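Notes follow once the structure below has been shown.
The values are calculated or read from the model by the stated rules, or taken from the named source; none is laboratory data. A quick note: this is a predicted structure, and the numbers were derived from the prediction, not measured. Positions of Cβ are generated from backbone atoms using ideal geometry, with glycine treated the same way; all protein chains shown enter the neighbour counts.
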Amino acid sequence: MLKRTMLGIAVRGKSVEAVEFYQKAFDAKLGRTAKNDDGSYMHAELDVYGQIIAIAEAWPMDKELVPGTIVQFNLHFTRDSEAIVKKAYDVLKEGANVHTPLGECFFSPLMFGLVDKYGVDWCVFI
């Protein structure tokens with residue numbers, strides 16, 4: 001039986017920085033962690049409003065990832081969560097490629113889409 005599902009992010013050389021960045025973006029609480037000998041994260045869990053985002057240092061073999069395998073993190077918040085979505089945008093847009101700026105769209109009165117500085121594709125909306 002399935003226990004839980006986690007969104008996973010692997011970053012190269014910046015796992016500690018990424019954990020701090022996503023904590024700030026989502027007011028996330030740090031949960032379980034395990035570190036590598038160099039202090040980077042082998043595994044770090046962030047609680048983002050009850051959902052888990054796992055962040056880890058990319059393994060050396062991850063350089064062989066197949067291009068064209070795209071995953072987008074979609075976070076759908078309740079209608080009373082405008083401040084959460086706006087804060088996430090303000091933080092995540094730093095160094096990002098914003099493909100859909102914060103605003104209204106056909107399925108939401110407030111959303112944004114971007115690829116952040118770690119290469120993670122986000123769609124966040126209410």
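Summary table
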{"quantity": "Which numbered condition Ile9 misses (of (1) closer than 23 Å to Phe125 by Cα; (2) modelled with pLDDT of 95 or more; (3) in a strand (DSSP E or B); (4) β-branched (Val, Ile, Thr))", "calculated": "(2)"}
{"quantity": "Index of the failed condition, Ser40 passing every other in (1) within 18 Å of Ala18 (Cβ to Cβ); (2) modelled with pLDDT under 95; (3) of a type outside the set (Asp, Glu)", "calculated": "(2)"}
{"quantity": "Within the range 1-17, considering residues that are of a type outside the set (D, E, K, R) and closer than 13 Å to Glu45 by Cβ, the one surrounded by the fewest Cβ atoms within 10 Å (Cβ to Cβ)", "calculated": "Thr5"}
{"quantity": "Candidate set from the range 90-115 (those that are assigned to a loop (DSSP other than H, G, I, E, B) and at pLDDT 95 or above); member that is nearest to Asp80 (Cα to Cα)", "calculated": "Lys93"}
